[in-house]
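Chemist: Structure in structure tokens, see below.
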Amino acid sequence: MGAVVLAIVSGAWNSALGTGRWWVGLLLVAAGSFAATVASATRLRLQRDAERLELLVALGDATTGATVDETAARLGDLLVPAVADVCSIDLTGDDPWAPHAAAAAPPLDHHAARRLAEHPALATASREVPTLVERAEDGAPELRSCLGVPLRARGHRVGSLWLGVGPSGRRFGPADLRFAEVLADRVALALENAGLNAELEDAERRFRAIVDGMLDGVTVRAADGRLVYANDAAIDLLRVDSRDDLRGKAPGEMMAMFEAYDEDGRRVLLDELPGARAWNAEHDPEPMIVRNVVRSTGEQRWLLSKAIAIRGDDGVPQYVVNFTEDVTAVKRAELAQRVLAEAGRVLVSSLDYTQTLQQVAMLAVPELADWCGVDMPGRGRSIEPVAIGHVDPQKIQVARELRERYPVGLDDPDGLAAVMRGDIPHWSVEETPDEALAAYAVDERHLELMRAVGFNSIMVVPVVGRGGILGTLTFVAAHGRRFDDDDLELAIELGRRAGIAVENARLFAERADIAHTLQIALVPDPVPLAPGWDVAALYRPAGETTEAGGDFYDMVRTDDGWLVVMGDVAGKGARAASLTALARYTLRTAAMLTGDPAAALAALNLGLMRRDDVAYCTAALVALQDGDGDSARARVLSAGHPLPVLVRDGGAVELGRSGPLLGALERADWPTEEVVLGPGDRLVLYTDGVTDARGEEDRFGDARLLALLSSVDGAPPAELVRRIDGALRGFEAGPQRDDTALLAVGRLEAGELALAGGPEAVSLARAAVRARLESDGAPPPERLGDVLLMTSELVTNAIRHGGAVGPDDRIRIRVLRQDARVRIEVRDDGPGFSSPPAADAVPAEGGIGLELVDRLANAWGTDRRGRATLVWFEVEPDRPAPRVH
């Protein structure tokens, strides 16, 4: 502008004013001045735009590593004096940021910033919409103009930005308001980022404070296998020195540092762990308890492993967080409680201590040891292995071979033998390297077996009973793990409990053997072989474990026949057993000495009366005496006992009259009744356990018994006993309440002998025939052998072909003498032959037995007698066998 003025006045001093030259010069100067003015304005605008752009860039960098307070202060310093003389940034209380920040250029101060924010024109409008106040002196005398814009982030208002100019002489216009809006967006973004960074840093601090302080190990791995994070507990659990060591190891390398087993002792692979399964599973895998053994130290831990996957929007896992909790203390306590509880159950489950100890050995694996052995002193100075358990069942046989082929002696200086002798309280070895095994091995096979079984850490503890050391328990860890003090304490307690169980089992076995021996002595003897009589018996004491009760029966040989006894003592248990013994042997002795049943009853009555305690007994006695021919006489007495029953011709009647109870009266008489018995007659003696048997509604009773016996027409004694027993079992409701004894005696033909079926019948028949022949004058020795051999063959034939295979079946034998001729008859219930076989044609049904009879006997044949088959042979001592080849 000054150049144009000079160009105008220059025409005055050079006399060119108004001339064409003057006008040309003036126009050139004016055009140049205008161009310079435009260029200057453009340059200023571009410079201002560049400064504003740099300001926006600087605003973006203001949040780097800064808090919200620091960011707001930095923003104020950038805006003043670059765009304003005073600046105020106010934030709402909805966000956890600084409530206010201000900046001012001299001579203004921060109070001017507060007055700016409180300007009447800006106080309300600028909070929602941009506001420009071109003349601000009324509200703030030191300011010429001001503006305010809201700060918005993520769609909502977070505060306000106020700018003002004063002493600098600038004045805001609409363009400045528009720039302030852009500036507000950057300021809001910078403040929001600072706030988010602050929140993130605070969250990280809290996360680290929480996770680093956790006792559980926490690791985070990315999808590419990188370790993103590991807390201090994880470093300790994974047994590495630092996070750098952990970052440098892939999951497979970490797994190789340990041996892992599940709760059942099965080896666990890397792919089976929750941290590996989380990458491929749709849901977070179930937690898993792992028995972890550190290879380098042999330390054993129980770890609870859990994992969760952090997934992207597509559901694909981006990170997996592993949580590892050391539950060793809990598992050890649980293991100890479970092992001891199960041991308690096992130790009382059987009274066979070898079986019990085998269960204890199996109980210890795999949780306490990989294999366990139980040893006890053997014969001489040997040590005998009585039980072996191994985590691998196939290796039990290897362990047995090891102990059997290479036994341990009680005189060995240390180890198992020293513990068993009591020289040391226990013996343990932390680690057994292969060099030690090789040095200990006797030969190559010994070393091979030890390697196959596996030896690393060993514990030997005593099995202690009340009387001292009974044996030892050996625990072996076959792999890298080592036993510690907790394991040893549990093993010692297990050995103590096993010792008590073994001792109790031994004491019980000894007492049970004594009780069994005493009870067997009280069980009635099998009925004897009584010529002319067929005898069958039933003895069923009440109680599952009782072998002898208060009921008894007997059949005693007297000078003129037999005395049949049936009795019942009062009481139960040991006292009843002692009375049973007294009653049986008093009656037996008195009968053998006197032959008088009344005298026998009197002797027992006197014995019971002389006892210090009250003792009662009932008894029924029948004295049997052979009469003329096939008949016999029977005298019946009853001392308070159920009366014997006579079964004859399809009827059943009671015999005799009941007298006083034994042990009740010092002097007593017992009435006698006599009856003649013929072939086919049967006597049944029984105790009240028969008639007092309880059914659903009532007792079995006398009437049912008599009706049953009447219905069994012509049945032999064995069949009678079987029918009564079956009827009682079908009638009884619930367990048997009382002892039951039953004796049936049937009259045979004179001289006939009844044998129970089965293999023993052969030897009994030979003995009976020999006794009879020797008492009457035996045939020559060579023929006696033939008689006994043929007797054996006929009895065998009766067993095989006549069906006399059981104790309830009967084989009847009769020995007849006529001058020097001996006749043996064997009768059974088999079908027999349709007709007697020819002398030279032995039937196939007879087999080799009848062929021998045919060759050795002077005569032989068969006969049917009612339902029975009779086979006989005859021998004449003076005549040799006609068909001996």
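The values are calculated or read from the model by the stated rules, or taken from the named source; none is laboratory data. Bear in mind the structure is a predicted one, so any value in this text is a computation, not a measurement. Note that each Cβ is placed from the backbone with ideal geometry, even for glycine, and that neighbours are counted across all protein chains shown. Ligands, DNA and RNA are excluded from the accessible area calculation, which covers all protein heavy atoms including side chains. Shrake-Rupley method; radii C 1.70, N 1.55, O 1.52, S 1.80 Å.
Chemist: Could you pull out the residue among GLY422, GLY465, GLY454 that is under 35 Å from the mean Cα position of the chain (by Cα) and open to solvent by 20 Å² or more (accessible area, probe 1.4 Å)?
Modeler: Among GLY422, GLY465, GLY454, only GLY422 is under 35 Å from the mean Cα position of the chain (by Cα) and open to solvent by 20 Å² or more (accessible area, probe 1.4 Å).
Chemist: What is the number of the single condition among (1) touching a strand residue (DSSP E or B) at 6+ places or on another chain (Cβ under 8 Å); (2) open to solvent by 20 Å² or more (accessible area, probe 1.4 Å); (3) part of a helix (DSSP H, G or I) that ASP487 does not meet?
Modeler: Every listed condition holds for ASP487 apart from (2).
Chemist: Would you confirm, using the coordinates I've provided, whether ILE388 is β-branched (Val, Ile, Thr), open to solvent by 40 Å² or more (accessible area, probe 1.4 Å) and within 18 Å of ILE492 (Cα to Cα)?
Modeler: no
Chemist: State which residue is nearest to ILE289 (Cα to Cα) when the search covers only region 235-262 and only residues that are acidic (Asp, Glu) and surrounded by fewer than 17 Cβ atoms within 10 Å (Cβ to Cβ).
Modeler: If we take residues in region 235-262 being acidic (Asp, Glu) and surrounded by fewer than 17 Cβ atoms within 10 Å (Cβ to Cβ), then ASP262 is nearest to ILE289 (Cα to Cα).
Chemist: For region 147-171, name all the residues that are in contact (Cβ under 8 Å) with a residue 60 or more places away in the chain, crowded, with 19+ Cβ neighbours inside 10 Å and within 22 Å of PRO106 (Cα to Cα).
Modeler: Those that are in contact (Cβ under 8 Å) with a residue 60 or more places away in the chain, crowded, with 19+ Cβ neighbours inside 10 Å and within 22 Å of PRO106 (Cα to Cα): LEU161, TRP162, LEU163, GLY164, VAL165, GLY166.
Chemist: Could you count how many residues in region 243-288 are touching a Phe, Trp or Tyr at 6+ places or on another chain (Cβ under 8 Å) and touching a residue at least 60 places away in the same chain (Cβ under 8 Å)?
Modeler: 0
Chemist: If we scan region 777-787, do we find a residue that is among the β-branched types (Val, Ile, Thr), open to solvent by less than 10 Å² (accessible area, probe 1.4 Å) and either in a strand (DSSP E or B) or under 27 Å from PRO679 (Cβ atoms) (or both)?
Modeler: yes
Chemist: Also: If a residue has to be touching a Gly at 6+ places or on another chain (Cβ under 8 Å) and either open to solvent by 30 Å² or more (accessible area, probe 1.4 Å) or modelled with pLDDT under 85 (or both) to count, how many in region 587-610 make the cut?
Modeler: So the count comes out to 1.
Chemist: Give me the pairs: first residue in region 310-331 and open to solvent by 70 Å² or more (accessible area, probe 1.4 Å), second residue part of a loop (DSSP other than H, G, I, E, B) and not charged (D, E, K, R), beta-carbon distance under 7 Å, and six or more apart or on different chains, which are they?
Modeler: Note: pairs meeting the criteria are GLN318/ALA223; GLN318/GLY312.
Chemist: For GLY678, indicate whether it is surrounded by 17 or more Cβ atoms within 10 Å (Cβ to Cβ) and not acidic (Asp, Glu).
Modeler: So GLY678 does not fit the description; no.
Chemist: Check off (1) surrounded by fewer than 18 Cβ atoms within 10 Å (Cβ to Cβ); (2) at pLDDT 85 or above; (3) hydrophobic (A, V, I, L, M, F, W, C) for VAL564 and give me the number that stays unchecked.
Modeler: Result: VAL564 passes all but (1).
Chemist: Pick out the one residue from GLY415, GLY378 that is under 25 Å from ARG496 (Cβ atoms) and open to solvent by less than 10 Å² (accessible area, probe 1.4 Å).
Modeler: Going through GLY415, GLY378 in turn, just one is under 25 Å from ARG496 (Cβ atoms) and open to solvent by less than 10 Å² (accessible area, probe 1.4 Å): GLY415.
Chemist: Any idea which of (1) more than 27 Å from ASN292 (Cβ to Cβ); (2) in a helix (DSSP H, G or I); (3) of a type in the set (Asp, Glu) is the one ASP423 doesn't satisfy?
Modeler: (2)
Chemist: PRO836 versus (1) modelled with pLDDT of 70 or more; (2) open to solvent by 50 Å² or more (accessible area, probe 1.4 Å); (3) of a type outside the set (S, T, N, Q); (4) part of a loop (DSSP other than H, G, I, E, B): which is the lone unmet condition?
Modeler: (1)
Chemist: Could you tell me whether region 352-368 includes any residue that is over 21 Å from VAL502 (Cα atoms), part of a helix (DSSP H, G or I) and open to solvent by 50 Å² or more (accessible area, probe 1.4 Å)?
Modeler: no
Chemist: Turning to a different aspect of this structure: Please state which of the following conditions PRO407 fails to meet, knowing it meets all the rest: (1) open to solvent by 30 Å² or more (accessible area, probe 1.4 Å); (2) over 31 Å from the mean Cα position of the chain (by Cα); (3) farther than 26 Å from THR354 by Cβ; (4) not aliphatic (A, V, I, L, M).
Modeler: Condition (3) is where PRO407 drops out.
Chemist: When the residues of region 722-748 are filtered to those that are in contact with a Leu (Cβ under 8 Å, 6 or more places away or on another chain), assigned to a helix (DSSP H, G or I) and in contact (Cβ under 8 Å) with a residue 60 or more places away in the chain, which remaining residue is nearest to LEU624 (Cα to Cα)?
Modeler: ILE724
Chemist: How many residues are part of a helix (DSSP H, G or I) and aromatic (Phe, Trp, Tyr) if we restrict to region 688-717?
Modeler: Going through region 688-717 one residue at a time, the tally reaches 0.
Chemist: Return the residues of region 391-401 that are surrounded by 14 or more Cβ atoms within 10 Å (Cβ to Cβ) and within 18 Å of GLU367 (Cα to Cα); say none if nothing qualifies.
Modeler: VAL391, ASP392, LYS395, ILE396, listed by residue number.
Chemist: Of these, ALA98, ALA66, ALA82, ALA62, which one is surrounded by 12 or more Cβ atoms within 10 Å (Cβ to Cβ), within 24 Å of LEU143 (Cα to Cα) and either at pLDDT 65 or above or of a type in the set (Gly, Ala, Ser) (or both)?
Modeler: ALA82
Chemist: Among (1) open to solvent by 50 Å² or more (accessible area, probe 1.4 Å); (2) not in a helix (DSSP H, G or I), where does LEU196 come up short?
Modeler: All conditions pass for LEU196, except number (2).
Chemist: Something else: For region 165-182, indicate whether the set of residues that are farther than 29 Å from LYS249 by Cβ and part of a strand (DSSP E or B) is non-empty.
Modeler: There is at least one residue in region 165-182 that is farther than 29 Å from LYS249 by Cβ and part of a strand (DSSP E or B).
Chemist: Would you pick out the residues in region 681-714 that are surrounded by fewer than 20 Cβ atoms within 10 Å (Cβ to Cβ) and within 27 Å of ALA599 (Cα to Cα)?
Modeler: Hits for region 681-714 are ASP681, ASP688.
Chemist: If we scan region 797-817, do we find a residue that is over 60 Å from the mean Cα position of the chain (by Cα), farther than 27 Å from ALA744 by Cα and modelled with pLDDT of 75 or more?
Modeler: Yes, there is a match, as at least one residue in region 797-817 is over 60 Å from the mean Cα position of the chain (by Cα), farther than 27 Å from ALA744 by Cα and modelled with pLDDT of 75 or more.
Chemist: Take region 611-638 and flag every residue that is without any contact (Cβ under 8 Å) to a residue 60 or more places away in the chain, buried (at least 23 other Cβ atoms within 10 Å of the Cβ) and touching a helix residue (DSSP H, G or I) at 6+ places or on another chain (Cβ under 7 Å).
Modeler: Within region 611-638, CYS617, ALA619, LEU621, LEU637 meet the criteria.
For every residue, the table says whether it meets (1) under 60 Å from the mean Cα position of the chain (by Cα); (2) part of a loop (DSSP other than H, G, I, E, B); (3) of a type in the set (A, V, I, L, M, F, W, C).
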site: VAL622; (1), (2), (3): no, no, yes
site: GLN625; (1), (2), (3): no, no, no
site: ASP630; (1), (2), (3): no, yes, no
site: VAL636; (1), (2), (3): no, no, yes
